[in-house]
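A short write-up of the structure that comes next.
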Amino acid sequence: MTAEPSTRDPIASIGQHLAALEARVRGACERANRRREEVTVVAVSKLQPASLIRAAYEQGVRDFGENYAQELHAKARELADLEQIRWHFIGHLQRNKAQLVVGQVALIHSVSSTALIDRIDRLAADRGAPQDVLLQLNLSGELAKTGASADTLDALLQHCQRKSHISCVGLMTMPPLTERPADAEPLFARLRELRDERQTRGAAGGTLRHLSMGMSADFDVAIACGATMVRIGSAIFGPRPASE
Ligand SMILES: *Cc1c(COP(=O)(O)O)cnc(C)c1O
């Protein structure tokens, strides 16, 4: 058998995966004339065991993204000794699960309704600490199941601005999974345009500094389009175990 043992052991391969990813991120930043520090890699650890998160943390990763409130809550507890970890919530957030997430994460990437804004603001007020969020936009019409339509962006931003314990610091989008990487480019470009228009107008107080876009298959394209956060799962951790 000549297969490399490390490809069969996810913990052993994380170092290699991270090095390869770093080279690609650097390359994409160079081609786009951007500084490497402008782009944060969020390691998407949904469905992966806490042991893999710990291994990535030991390799220097600090930002981790989770999709399910309960799972995030359990892992954050189990990994409470990792003092510099920053959790990101990137999945669909139900209002009745928001209490598991608000205050536990540095950033919620997936806010797309006024009702959820109200809920987050309320929970953050109870905790006495503001919560940073991104507004998730659906720019691909019916192909995407989650995210607000671009028409509602200004209303959502204004709604956020009226609240004192939630701060909208940028936008997020997720192209349909079936598309080829290059097909995502117009959607990434559109997200950036929507952000830039509002920055220029001074809407949202000019605080929309983040664009969360790009995953394992298409982050190079996203970085070229201005992503400040890329959400990378399989390129770091390998294939995900199937969800029940
Ligand atoms: C799973 C997931 C990712 C990461 O996907 P990969 O293709 O494994 O990199 C990124 N963003 C969101 C919202 C996800 O659900």
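Bear in mind that the values in this text are calculations on the coordinates, not laboratory data. What you see is a predicted model, and the numbers here were worked out from it, not measured in a lab. Here the Cβ is made from the backbone with ideal geometry for all residues, glycine too, and neighbour counts use every protein chain on show.
Listed values, structure above:
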{"read-out": "Amide H partners (placed H, <5 Å) of Ser110, local residues excluded", "value": "Leu134"}
{"read-out": "Proximal aspartates and glutamates to Lys163, defined as alpha-carbon separation beneath 18 angstrom and excluding residues fewer than eight positions away on the same chain", "value": "Asp118, Asp121, Asp126, Asp132, Asp154"}
{"read-out": "Estimated [θ] at 222 nm from DSSP helical runs (n ≥ 4, -39500 (n - 2.57)) normalised by residues in the chain, nearest 500", "value": "-11500 deg cm²/dmol"}
{"read-out": "Reachable lysines, given that their alpha-carbon falls under 25 Å from the alpha-carbon of Lys145 and they are not under 8 places away in the same chain", "value": "Lys46, Lys97"}
{"read-out": "Angle in degrees between helix 69-78 and the longest Cα principal axis of the chain, rounded to the nearest 10", "value": "50"}
{"read-out": "Hull-based mean projected area of the stretch 1-134, where the convex hull spans the alpha carbons, in square nanometres", "value": "10.2"}
{"read-out": "5 angstrom amide H check on Ala148, placed H, neighbours 5+ away", "value": "Gln136, Leu137, Asn138"}
{"read-out": "Equivalent ellipsoid semi-axes, the stretch 62-193, via Cα gyration tensor eigenvalues times 5, rooted, Å", "value": "25, 19, 12"}
{"read-out": "Gained length - Gln94 relative to Asp81, 0.36 nm times residue gap less alpha-carbon distance", "value": "1.9 nm"}
{"read-out": "Unpaired by the 4.7 Å Cβ criterion, cysteines found in the chain", "value": "Cys29, Cys225"}
{"read-out": "Protection proxy ranking, peptides 74-82, 182-190, average beta carbon neighbours within 10 Å, highest first", "value": "182-190, 74-82"}
{"read-out": "Whole-number Å³ per residue for the convex hull built on Cα positions in the stretch 117-244", "value": "137"}
{"read-out": "Kirkwood-type radius of the chain, with distances r between different C-alpha atoms, in Å", "value": "18.5"}
{"read-out": "Cα pair distances exceeding 19 angstrom across the stretch 59-128, given as percent", "value": "30"}
